[in-house]
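Notes follow once the structure below has been shown.
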Amino acid sequence: MGWTHRERVLAALNHEEADRVPIDFGSAGPTAIVGEAYQNLIEHLNLENKAETLQQLKTQVYPDEAVLRRFDVDTRGIQPGKYENGHSRVIDAHTIMDEFAVTWRQTQGTQDVHFLHEDGPFYEGKMTIDAIDAFDWPTPDNPGVVAGVADKVAAIKAAGDYAVVLYLPGGFIHRGYAMRGMETFLKDLYKNTEAACHLMDRLCDYWIGVARRVIAAAGPENIDVVFFGEDLGTQDGCMFDPENIYERLMKPRHRRMVEAVKEPTGAKVCFHCCGSAYHFLDHLIDIGVDALNPVQVTARNMEPERLKGEFGDRLSFWGGVNTQEILPFGTEDEVRAETGRMIDIFGKSGGYVLNAVHAIQAEVPPANIVAMYDTGIAHAY
């Protein structure tokens, strides 16, 4: 008998080679595709568009089962349901407010443009612990959080033996600077540390509460991978000082999050961190992270050979196919060559899940998407 999809993914994350590299497409926001690119893809494949929205704020969609089967995708994703009531509301056609009272406005241009936060509950003045506690916080007990989760898991299990990926967006850094304003949040880490840490704790508590509820609804035994993360790097370096800020203020909270999902599930943890993640990798490994996404190979210190050589026995890599240059602007042959190179480097002795570096954007030609995934299907170890 051949390998099942689930076995293939778990082998890779246990640093073992299966028959081929496992493939992910859309199990989480950062591994998905924006709507315009997806429409182009399904027209290219002569399929019907039955995708569902994965993340409204980033106009990402979850590929239809027909597309997933076309590319022999090994993963299937679940995530929390939509928060009901509270602060959440639609302000106008291009503006929404989320459950944390953050206002997001859609930038104008093409069909698939991101929402950017433009206001939040702590934007003005000095943030205090009292003000944080006085805020009308969302609750993990909101019924919308688990809506549809059990049905989604049941459908995945009925469809085949796939690796179930629980995607838990949010975190305390992304949500922290959305509620406070990014520049002010960064300043608070140095000049208003006590309040900044209290805000991060409240957000961490919420995230863990949601995680526990969704895990219970899904069935802990059904979850193979938990996917979450926060951006710690930029294209050229670190967003935070790796020791003074990350290790001291953030790492203990990320450790809580990893432990909260690993303890009930025994699942692998894939941590999403765009940009140059190099100086944070030992910290992430130390708290129990098993895999890194999106592996932005064009960022500083993120050369594939370097990452595999220094961390490959302790960390798996999930992503890696260049979306800044080759996937959107290269030829099909260049995409095939680059995909094969990533498999050869990252997949040696296991430890690699094939995916693009972050969600596939509108400018990526559908033929290049096909070239990437078909290379993965055909590239046996």
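Key figures for this structure:
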{"read-out": "Hydrodynamic radius by Kirkwood, which averages 1/r over all alpha carbon pairs of segment 230-381, in angstrom", "value": "16.0 Å"}
{"read-out": "R0 of 41 Å, Cβ-Cβ distance residue 187-residue 141: FRET efficiency to nearest 0.05", "value": "0.75"}
{"read-out": "Calculated from backbone phi, Karplus (6.51, -1.76, 1.60) coupling profile of segment 127-136 in Hz, x at Gly/Pro", "value": "7, 10, 4, 4, 5, 5, 6, 7, 5, 7"}
{"read-out": "Cα gyration tensor shape of segment 254-316, rounded if a/c is under 1.5, else prolate or oblate by comparing a/b with b/c", "value": "prolate"}
{"read-out": "Under-5 Å amide H pairs with residue 33, H placed in peptide plane, nonlocal only", "value": "61, 360"}
{"read-out": "³J(HN,Hα) computed for each position of segment 233-240 - Karplus, 6.51 cos²θ - 1.76 cosθ + 1.60, integer Hz, glycine/proline x", "value": "x, 10, 4, 10, x, 9, 6, 10"}
{"read-out": "Descending Cα extents along the principal axes, segment 1-148, whole Å", "value": "61, 37, 27"}
{"read-out": "Difference of contour (0.36 nm per residue) and Cα-Cα distance, residue 66 to residue 90", "value": "5.5 nm"}
{"read-out": "The chain - charge dipole about Cα centre, Lys and Arg +1 at Cβ, Asp and Glu -1, debye rounded to 20", "value": "520 debye"}
{"read-out": "Simple spin-label estimate for residue 82 and residue 108 in nanometres, 7 Å along Cα-Cβ", "value": "2.5 nm"}
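Every number here is computed from the coordinates shown, using simple stated rules; none is lab data. All figures in this text were calculated on a predicted structure; none of them were measured in a lab. Neighbour counts are summed over all protein chains in view; Cβ atoms, including those assigned to glycine, are modelled from backbone coordinates with ideal geometry.
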